[in-house]
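Data block below; observations after.
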Amino acid sequence: MPSLAPDVEARIAAVRRFSRFYTRQLGLLQESLVHTPFSLAQARVLYELANRDSVTASELAADLDLDPGYLSRILRRFAEDGLLAKKRAANDGRQSVITITAKGRKAFAPLNRGSHDQVAAMLEKLSVAAQQRVVGAMNTVETLLGASSQTSPAVPAIILRLHQPGDMGWVTSAHGALYAAEYGWEITFEALVAKITAEFIENFDQKRERCWIAEIDGERVGSVFVVAKNDDVAKLRLLIVDPRARGLKLGTRLVAEALRFAKTAGYSSMTLWTQSILTAARGIYQRAGFTLTAQEPHRSFGADLIGETWDREL
């Protein structure tokens with residue numbers, strides 16, 4: 001074995017140490033399999049089937065790093081038990097496309113629930129901030145190591161979290177800097193955002209209002225707010241996506257999360273105010289089902305603008 005530089009050896013040792021630690025943590029999952037009819041390998045196969053529309057045996061073998069013969073025996077048993085269905089691939093008669101059946105989903109449900117509950121129990125020992133650090137670190141590991149094994153760049157992992165101290169200052173400065181750079185808006189816009197974020201914190205109703213912060217590798221790259229206009233109407237505010245995160249459909253994801261929350265919170269509709277020149281944002285709103293209901297010219301932030309109101313039933 002060739003000798004390596006001390007710093008390289010130290011990094012290798014650190015990765016191996018983490019691997020042993022994480023394997024012990026995930027031993028909880030293996031213990032849960034005692035209460036199911038599935039081995040760990042069978043559970044991994046069933047998980048993949050439950051989370052894909054369809055897949056071939058060769059794809060499963062490659063993705064799970066399983067011996068094709070061993071995988072074939074697992075799939076044969078699943079087919080005999082009615083957990084999966086097969087049909088010939090349209091583009092290759094030698095391959096079978098595999099899909100999970102309703103019986104398969106029913107068999108997977110307790111396994112999935114047990115795994116979910118055990119991970120929840122592991123995380124609930126930590127503070128919310130610590131949980132977010134853990135998830136962020138996992139995303140970093142997945143992104144970097146995943147990219148090293150692919151020919152094309154990996155899509156960066158984005159997490160959405162609720163607001164915490166320091167976020168309102170970032171939302172305010174991010175809006176001020178971005179709209180000044182891209183649209184030439186004056187600092188009065190930053191003052192408006194500061195007022196909105198201050199009012200959000202001062203009057204925050206956690207049952208009816210939310211702020212989500214999007215992060216990549218622990219760095220803030222987006223936000224969106226839901227606040228109450230009245231008992232029936234929610235208002236979507238302060239949607240922003242950092243230029244570093246554009247092209248990743250983050251804006252669409254943030255708006256979808258806001259709509260889901262507003263509906264769950266009991267609002268009957270959602271409204272928002274934007275400007276006609278913000279074409280990317282307008283496209284997101286339109287695709288999300290919002291309809292332009294009003295327009296009004298105004299001069300604000302040192303620019304002549306056309307303000308727009310968009311509404312959507314929930």
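Values in this text are rule-based calculations from the coordinates and carry no lab data. Given the structure is predicted, the values throughout are model-derived calculations rather than measurements. All Cβ positions, glycine included, derive from the backbone under ideal geometry; neighbour counts span all protein chains shown.
Counting only other residues whose beta carbon sits under 9 Å from that of Ala180, what net charge do I get with K and R as +1, D and E as -1? List each step's numbers first, then the result.
Values: positive: none; negative: Glu182, Glu186, Glu190.
Computed value for this residue: -3.
Indicate the gyration tensor shape class of the chain (rounded, prolate or oblate), computed on the Cα atoms with a ≥ b ≥ c the square roots of the eigenvalues: a/c under 1.5 is rounded; otherwise a/b larger than b/c is prolate and the rest oblate. Please report the intermediate quantities before stating the final value.
Working: a/c = 2.13, a/b = 1.71, b/c = 1.25.
Prolate.
Give, in nm to one decimal, the length gained when the segment between Asp304 and Gln206 is fully stretched (0.36 nm per residue of separation minus the Cα-Cα distance).
Numbers: separation 98, 0.36 × 98 = 35.28 nm, distance 3.62 nm.
Here the segment from Asp304 to Gln206 would lengthen by 31.7 nm.
Quick one: helix 102-123 against the long Cα principal axis of the chain, what's the angle to the nearest 10°, folded into 0 to 90?
The angle comes out near 70 degrees.
Applying 1/(1 + (r/R0)^6) with R0 = 22 Å to the Cβ-Cβ distance of Arg52 and His116, what FRET efficiency is obtained, to the nearest 0.05?
Details: r = 18 Å, r/R0 = 0.84.
Computed FRET efficiency for Arg52 and His116: 0.75.
What is the local net charge at Leu192, summed over the other residues whose Cβ is closer than 12 Å to its Cβ (Lys, Arg +1; Asp, Glu -1)?
Values: positive: Lys195, Arg237; negative: Glu186, Glu190, Glu199.
Its environment carries a net charge of -1.
Tell me which of Phe78, Ser269, Ser54 sits at the most positive position along the dipole axis of the chain, charges placed on C-beta atoms (Lys, Arg +1; Asp, Glu -1).
Projecting each Cα onto the dipole axis, the largest value belongs to Phe78.
Using only Cα atoms and rounding to the nearest 10 degrees, what angle (0 to 90) does helix 128-148 make with the longest principal axis of the chain?
Once rounded, the angle reads 60 degrees.
Using a Gaussian network for the chain with springs between C-alpha atoms less than 10 Å apart, which of these wobbles most: Leu60, Leu239, Leu178?
Maximum among the listed residues: Leu60.
If a/c stays under 1.5 just call it rounded; otherwise compare a/b with b/c (prolate if a/b is bigger, oblate if not). Do that for segment 158-313, with a ≥ b ≥ c from the square roots of the Cα gyration tensor eigenvalues. Write out the running numbers ahead of the final one.
Numbers: a/c = 1.30, a/b = 1.06, b/c = 1.23.
The shape class here is rounded.
Tell me the angle of helix 40-50 to the major Cα principal axis of the chain, expressed in degrees between 0 and 90 and rounded to the nearest ten.
Tilt of helix 40-50: around 40 degrees.
Where in segment 164-180 does the amide nitrogen come within less than 11 Å of the point 7 Å from the Cα of Ser276, taken along Cα to Cβ?
none
Which lysines does Lys125 reach when only Cα atoms under 26 Å apart count, and residues fewer than 8 places away in its own chain are ignored?
Excluding near neighbours in sequence, the set is Lys207.
If I take R0 = 35 Å and measure r between the Cβ atoms of Glu199 and Thr99 in this structure, what FRET efficiency does the formula 1/(1 + (r/R0)^6) give, to the nearest 0.05?
0.10
Work out, step by step, the length gained on full extension between Ala41 and Glu59: first 0.36 nm times the residue separation, then minus their alpha carbon distance; give nm to one decimal.
Numbers: separation 18, 0.36 × 18 = 6.48 nm, distance 1.53 nm.
Stretched fully, the Ala41-Glu59 segment lengthens by 4.9 nm.
Once you have a ≥ b ≥ c as the square roots of the Cα gyration tensor eigenvalues for segment 6-125, tell me rounded if a/c is under 1.5, and otherwise prolate or oblate according to whether a/b is larger than b/c. If you can, show how the numbers build up before the last one.
Numbers: a/c = 2.67, a/b = 1.48, b/c = 1.81.
Taking the square roots of the gyration eigenvalues as a ≥ b ≥ c, segment 6-125 is oblate.
Can you give the net charge of the other residues whose Cβ lies under 15 Å from the Cβ of His298, counting K and R as +1 and D and E as -1? Walk me through the intermediate numbers first.
Working: positive: Arg299; negative: Glu186, Glu296, Asp304, Glu308.
Residues near His298 contribute -3 overall.
With each pseudo-label sitting 7 Å past Cα toward Cβ, what's the Leu160-Asp67 distance in nm, one decimal?
Result for the modelled spin labels: 4.4 nm.
Please work out how much length the chain gains when fully extended from Ala14 to Val135, using 0.36 nm per residue of separation minus the C-alpha to C-alpha distance, in nm with one decimal.
Details: separation 121, 0.36 × 121 = 43.56 nm, distance 1.92 nm.
Separation in residues times 0.36 nm, less the Cα-Cα distance, equals 41.6 nm.
What's the longest uninterrupted piece of the chain once you rule out the trypsin sites (Lys or Arg not before Pro) that are loop residues per DSSP with at most 11 other Cβ within 10 Å? Let's see the in-between values first.
Working: sites that count: Lys125, Lys207.
The answer is 1-124.
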